[in-house]
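Just below is one structure, and these are the notes that go with it.
The values are calculated or read from the model by the stated rules, or taken from the named source; none is laboratory data. If you're wondering where the values come from, they're calculated on a predicted model, not measured in any experiment. Glycine also receives a Cβ, built like all others from the backbone with ideal geometry; neighbour counts cover every protein chain displayed. These accessible areas exclude ligands, DNA and RNA; they are computed on the full protein's heavy atoms, side chains included. Shrake-Rupley method; radii C 1.70, N 1.55, O 1.52, S 1.80 Å.
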Amino acid sequence: MSCEFVHLHLHTEYSMLDGAVRLDYVSGSNEDGKIHSYPLLEALKKDGQTAVAITDHGNLYGVYNFVNTLKEKGVKPIIGCEFYVAPDMYDKRPEVLRQRDHLILLAKSSVGYSNLMYLSSKSYIDGFYGKPRIDLELLKGHTDGLICLSACLAGRIPRFLLQNDYESAKEYALKLKSMFEEGDFYIELQDHSLKEEKAILPQLVSIAREIGVKVVATNDVHYINKEDADLQDTMMRITQRLLKSEVNPIAFETQEFYLKSQAEMKELFDWIPEAIESTVEIADKCQFDFVLKRNPIIPKYTNDEMGNRDEAQYLHDLAYEGVLKRYATMTDELKTRLDYELGVIGQCGYAGYFLIVWDFVNEAKKMGIPVGPGRGSGAGSICAYALGITGIDPLKYNLIFERFLNPERVSMPDFDVDFCYERRQEVIDYVTRKYGADHVSQIITFGTMAARAVVRDVGRVMGMPYAQVDQISKMIPSDLKMTLKKALEISTELKKLYEGDEQVHQLIDYAMTLEGMPRHASTHAAGVVIGAKPLDEFVPLQTNDDVITTQFPMTTVEHLGLLKMDFLGLRTLTVINDAQTMVQQDIDPDFDVEKIPVDDKETYAMLGRGDTDGVFQLESGGIKRVLMQLSPKRMEDLIAVISLYRPGPVDAV
C-alpha cells in the first residue's frame, strides 16, 4: 500500500436514505448514452487513497457496484458490513426491539466473503425484527476470513463505557477477541468532535492494551464532502417526514462525518499514530478478489424418467418426440434444423437449461395453469417449440434461432414465460419444491428517487407550500427516463424559475444531488433465480414481505452466472382463461381457445375497428389508430404493427 490511511467505515447510498456516498452518478446523457461520474472514486483518487471499505448498515446491496466502480482503477475495494447484533436474534418481543449493537466485519478472503453472505442472509431470514440482526452465537461459528472492528458509539463496547461499566466493556472485548483469528479483532477509535467519543477514547485505548489487541482509527463516513452534511440531513428527513424547521432526533450533531483526507485523519489521531497505521495493515490483509463476471452456473436437471441418459441425450429424445407431435412428417429441413439447434445447445452447455424450463412449463400445463405461447427471441427455437415451451412455429414465420442462441457469440439464453397472473405463484412453488427452498429465490429491485418524486420530497422537507412544489414538479416532463438536468434543458419555464428564484434553485440543486439514489427495496415482478447449490453460497439473501429475495438486483445476479428465469404474471391469460370457462359453461362445452384459427375473419374485423380494449399490446390510443388505418387481414400484419409500434421504430410510424 502506498497511502498512509484507509477508510474502513463507510456508508454508501445503499445505507438507504442514510448514507449519501454516491458510487455511480448519472449526470446526464448524450448520443453515446448516459454520462456517468464516480464521486467516491474521484474523491479517493484526488487524495491519493488506494483502498476503501464499504460497510453499509445491515446489508450487502451495494457490494457489486462498489467493486465494479473501484476495481482496476487504482483503488482496492474492501467488502464489509456494519451488522446489527442482538442479544438473541430469535427473540422478537417488543421490549427487545431496540436492543441491538453495531459491529463492523470485513472480508479478508473468499472464505470471509462467504461468511459475510451467510451472516447477512441469516440476519434477514431468521433475525429480522425492525432491522436485520445476528447474534454472537451465530457469529462465533462464522468468523473465518473476517476482520472485526468494534464499531462506533452504537457498538456494545462504547455503550458499556458510556454507562461507566468498564469491566463489562473489557469482558465483551475479550469475548470478541476470542472469536476471531489472532490479530483480527481491533478496537475502533472515532472522533467526530462529539463529547461522548472524547470521553471514552482513553478507555478504549486502555482496553485494547490490557487485552493485547490493536486500535484502528476510522471516520464514520456518510457523505463525501463536509458541505454535504446538510444534504445528508435532508435525505434523512425525507425518511422521517420531518421539516427542516423541526428537530431531527437522530441527526448528526457535527459536520464531521465526511470522507476526510489522509492528512486530516493523521492530524486528528496524531496522539496515537498506531491507529492510523492499523488501517493500512488491515487493508493489506484484505486480499479477497471479487469476480465481477462468471460463467453460467446451471443446476443439473434430473427426473425419474431419464434413467441413465445424460441431459443432452434426454433433451434430444424429448425434442424428437415433440417434433413428431407438432409436425405431420419429419422433413429433411426439419431434421437438419433440429439437429443443428441441439448441437449448439449441447456445445454451449445449455441442455440442462432447456430441460429446467421444459419441466416447469410442462408441470404448469398439467396443473391447468394457462401458459403463454412465448415471446422474445426464444420463439425462434424449434427445440423450444417441440418441447412445448413456446407455441409458435419458427419455420412457418421464418424465425431465426441465432437471435436466441448464437454459437459465435455465446450468451445465456433467456426464455420469458407468461403464466396466469392468479396462479403464477403455484409455478414458483413447484420449482421451489423440486430444487429446494434454499436453492430458489426471487430477485430484489430498488426503487430510486425519480425526478418528479425527489422534487416533491425535498420541497416537503424545505417546508415549501404544496401547491408551489406541485407546480414545479409538473414542469418536469413525465418521460420515464427524464432527469432534472435534462428537464432544465427542455423546460424553459422550469429553467426560468430555477435561475430567478433562490429557494427553487436550492430545491432543484438538492434534488439533483439525491436523484437516482435507491429509496427502498422490493421484489422484482418476474425474476426468479435457481441455484446449483444453496443460494447464500453465491449471493446474500433477504426477505421482502415474507418473500425470500436476493440482495443483488437482476443484472448483478446474471453477471454472477446464476440461472435467472422470468416468471411473468400476465392478466390477459387470466382473462382469456376465465372467458373460455364461461363459454364452456354457457354456450359450447367443447370450446377451446387454442383451436380458434389464426385467420379468423371476425377477429381481424374487430381489430380493424380498433375495438381492442383488453387485447394484450393493442390497447393504447396510438396503436388503435394504426390498426384502423392498416385494417390487418393476416397474422403477418399484426406482427408488423407490434414490431413497429415500440420505442424507436414508432417515431417512423
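Assorted remarks:
- Output for the stretch 240-292, where each listed residue is of a type in the set (D, E, K, R), under 16 Å from residue 75 (Cα atoms) and not in a loop (DSSP other than H, G, I, E, B): 281, 284, 285
- Among the residues listed as 185, 128, the single one being of a type in the set (Phe, Trp, Tyr) and open to solvent by less than 30 Å² (accessible area, probe 1.4 Å): 185
- Close pairs (7 angstrom Cβ cut-off, 6 or more residues apart or separate chains): touching a residue at least 40 places away in the same chain (Cβ under 8 Å) and open to solvent by 10 Å² or more (accessible area, probe 1.4 Å) in the stretch 507-533, assigned to a helix (DSSP H, G or I) and aliphatic (A, V, I, L, M) anywhere: 510/231; 510/458; 513/231; 515/451; 515/454; 515/484; 524/554
- Cβ-Cβ distances below 9 Å connect the following pairs, each with a first residue in the stretch 571-588 that is without any contact (Cβ under 8 Å) to a residue 40 or more places away in the chain, a second residue that is part of a helix (DSSP H, G or I), and a separation of six or more residues or different chains: 579/593; 580/593; 583/593.
- Any hit, the stretch 280-300, residues being closer than 25 Å to residue 15 by Cα, open to solvent by less than 20 Å² (accessible area, probe 1.4 Å), in contact with a helix residue (DSSP H, G or I) (Cβ under 7 Å, 6 or more places away or on another chain) and touching a residue at least 12 places away in the same chain (Cβ under 8 Å): yes
- Filtered residues of the stretch 121-162 (kept if within 24 Å of the chain's Cα centre (by Cα) and under 28 Å from residue 192 (Cα atoms)): 130, 131, 132, 133, 134
- Of all residues making up the stretch 178-229, the number that are among the aromatic types (Phe, Trp, Tyr) and assigned to a loop (DSSP other than H, G, I, E, B): 1
- Residue in the stretch 353-366 that is closer than 14 Å to residue 403 by Cβ, of a type outside the set (Gly, Ala, Ser) and buried (at least 19 other Cβ atoms within 10 Å of the Cβ) present: no
- The one condition in (1) of a type in the set (Phe, Trp, Tyr); (2) in contact with a Cys (Cβ under 7 Å, 6 or more places away or on another chain); (3) in contact (Cβ under 8 Å) with a residue 60 or more places away in the chain that residue 353 fails to fulfil: (2)
- Restricting attention to the stretch 532-566, the residues being over 19 Å from residue 124 (Cα atoms) and in a loop (DSSP other than H, G, I, E, B) number 4.
- Enumeration of residues in the stretch 207-228 that are polar (S, T, N, Q) and either under 18 Å from residue 41 (Cα atoms) or open to solvent by 50 Å² or more (accessible area, probe 1.4 Å) (or both): 219, 225
- The stretch 579-610: number of residues that are surrounded by 14 or more Cβ atoms within 10 Å (Cβ to Cβ) and either among the small types (Gly, Ala, Ser) or outside any helix (DSSP H, G or I) (or both): 3
- Among the residues making up the stretch 382-439, a single one is crowded, with 16+ Cβ neighbours inside 10 Å, of a type in the set (Gly, Ala, Ser) and in a loop (DSSP other than H, G, I, E, B): 388.
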